[in-house]
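Okay, so here's the structure we're looking at.
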Amino acid sequence: MDEIRINVPENVCAVLDRLTQAGYEAFVVGGCVRDSLLGRQPNDWDVTTSARPRQVKKLFRRTVDTGIKHGTVTVLTGGAGVEVTTYRIDGSYSDGRHPDSVTFTENLIGDLERRDFTINAMAYHPQAGLVDAFDGIGDLRRHVVRCVGDPDRRFGEDALRILRAVRFAAQLNFSIEEETREAVRRAAPNLHSVSAERIRTEFVKTIDSDHPECFDEARKLGITACFLPEYDAMCASDPEAAGRAAHQMRQVRPETPLRAAVLFAGFGRDVQESTQMADRILRRLKSDNDTREKTMRLIACSQMAYTLEEKDIRRALHDAGEDIFPDLIAVQTAQTDDPDRKAFYSRVLEKARAVQAEGQCFRLSDLAVGGRDLIAAGVRPGPEIGKILDAMLDAVIEDPSLNNKDILIEQLPQFRHLS
Ligand code: ATP
Ligand code: MG
């Protein structure tokens, strides 16, 4: 068999060299080894070493104490950070969440043993080659996610791993190995003990993956029942819902608001209910506000209807917000299987671009009058101003020829009446 070679970036090699020359062991480890062996671009390069954090810090000029308690120091080199973590064995997990203690060790195999899956438990050094004590290579070739050691024990230590198994299956298009799979099923109810933030990270990586259809595995294994019962409810009431959601997710870019919008849009009986459910779910998962708000807006507008008439397009740009309009079109395109409808949406998008490029009026800031003009015309400052401006914008969206200061002020009485 050919010797396995991994192309380690220069700055990471420099970190390995410095540690090795100082007499310590050092390897790249985990996700970067897995992804390199699969021919995928690694997200980041992690180093594992026999050196203690104090010793690591002595060897490099610029370091950050990222997780010093857990043995992690970030070394800044070549404009990037490389996480360097001391070989460690995790202590017992009395809460099924985090190790009660971590113990540093001199032994690489001990460090690899604490890792979740065989494909994540390989280490590599350009001279020493690949260290693969649990047949991670074999599992990469078989396309399976398998626990290191006894799966029941491993899921008992940290229940998040059950969701991570699904996440890696979805990212890599792997299946979960049979014994690991059965242990996932048994351990799934323990996900209740895991923090919302950790669950969200894995959930988001699953739906934002190349194979979001694997997310349904999480339901079959009893995982979504714990953190996303809305999904189980949808699938129970409509046997085609899971397939539809997966199909639609695949058609939008792998970005959380888009993927979450098409997934959650089917949760409620109507758009309003689905939007409220998205709000509750994303708050529960401690999502950031931008993601939550964008997801909600995409769902809320997902049933918006319009023709190709410019005034309809202006109205849609105004109602949806031009910032999310292209993404809204992407969601609506994914939600239909009708090729004519899909073609229609791409024409809508083209038309919207033209409307924007021509500087047509669909925003308050495009209006020929502002609050100050209204006050000058005798309107008392206060909430009425906003209402009148909205009514004016509404009229101008319908008929752009009205967007003239003299005309709008002249018609002020009618707009006051409308507001
Ligand atoms: P990504 O490309 O998404 O960053 P990754 O494999 O690097 O994938 P991380 O979550 O960054 O995944 O974790 C880095 C490594 O740490 C993993 O490859 C694995 O070896 C180990 N690891 C992470 N989380 C756990 C866990 N909960 N239990 C055991 N080992 C874990
Ligand atoms: Mg990583």
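Of all residues in region 317-331, how many are touching a helix residue (DSSP H, G or I) at 6+ places or on another chain (Cβ under 8 Å) and assigned to a loop (DSSP other than H, G, I, E, B)?
Adding up the residues that qualify gives 3.
Can you pull out every residue in region 46-66 that is part of a strand (DSSP E or B) and either surrounded by fewer than 20 Cβ atoms within 10 Å (Cβ to Cβ) or more than 16 Å from ligand 1 (Cβ to nearest atom) (or both)?
Selection gives T63, V64, D65, T66.
In this structure, is K351 charged (D, E, K, R) and open to solvent by less than 60 Å² (accessible area, probe 1.4 Å)?
no
May I ask you to list pairs of residues, at least six apart or on different chains, whose Cβ atoms are under 6 Å apart, with the first in region 40-51 being closer than 14 Å to Q21 by Cβ and free of Cβ contacts under 8 Å to residues at least 40 places away in the same chain and the second being more than 9 Å from ligand 1 (Cβ to nearest atom) and open to solvent by 20 Å² or more (accessible area, probe 1.4 Å)?
Close Cβ pairs satisfying both conditions: T49/Y24; A51/Y24.
From R372, R314, R297, which residue is in contact (Cβ under 8 Å) with a residue 24 or more places away in the chain, part of a helix (DSSP H, G or I) and over 23 Å from F267 (Cα atoms)?
R314
So which pairs qualify, if the first residue must be in region 21-37 and at negative phi, the second must be in a helix (DSSP H, G or I) and more than 12 Å from ligand 1 (Cβ to nearest atom), the Cβ gap must be under 6 Å, and the two must be at least 6 apart or on different chains?
Hits for this filter: A22/L59; A26/L16; A26/L19; A26/T20; L37/L140.
Any residue at all in region 229-237 that is closer than 25 Å to N43 by Cα and open to solvent by 20 Å² or more (accessible area, probe 1.4 Å)?
no
Among what's in region 118-135 and is open to solvent by less than 10 Å² (accessible area, probe 1.4 Å) and more than 16 Å from ligand 2 (Cβ to nearest atom), pick the residue that is farthest from H192 (Cα to Cα).
So the residue we want is G129.
Residue pairs, Cβ under 7 Å, 6 or more apart or interchain, first in region 136-154 and within 16 Å of ligand 2 (Cβ to nearest atom), second open to solvent by 10 Å² or more (accessible area, probe 1.4 Å). List them.
V145/F174; V145/I176; V145/E177
Anything in region 384-419 that is within 46 Å of the chain's Cα centre (by Cα), farther than 14 Å from L367 by Cα and not in a helix (DSSP H, G or I)? List them, or say none.
S419 - this is the single residue of region 384-419 that is within 46 Å of the chain's Cα centre (by Cα), farther than 14 Å from L367 by Cα and not in a helix (DSSP H, G or I).
Could you check region 164-207 and list, in sequence order, the residues that are within 16 Å of ligand 2 (Cβ to nearest atom), open to solvent by less than 40 Å² (accessible area, probe 1.4 Å) and either of a type in the set (V, I, T) or not in a helix (DSSP H, G or I) (or both)?
Within region 164-207, V204, T206 qualify.
The values are calculated or read from the model by the stated rules, or taken from the named source; none is laboratory data. Quick caveat: nothing in here was measured; it's all calculated off a predicted structure. With ideal geometry, Cβ positions are generated from the backbone for all residues, glycine too; neighbour counts draw on all protein chains shown. Ligands, DNA and RNA are excluded from the accessible area calculation, which covers all protein heavy atoms including side chains. Shrake-Rupley method; radii C 1.70, N 1.55, O 1.52, S 1.80 Å.
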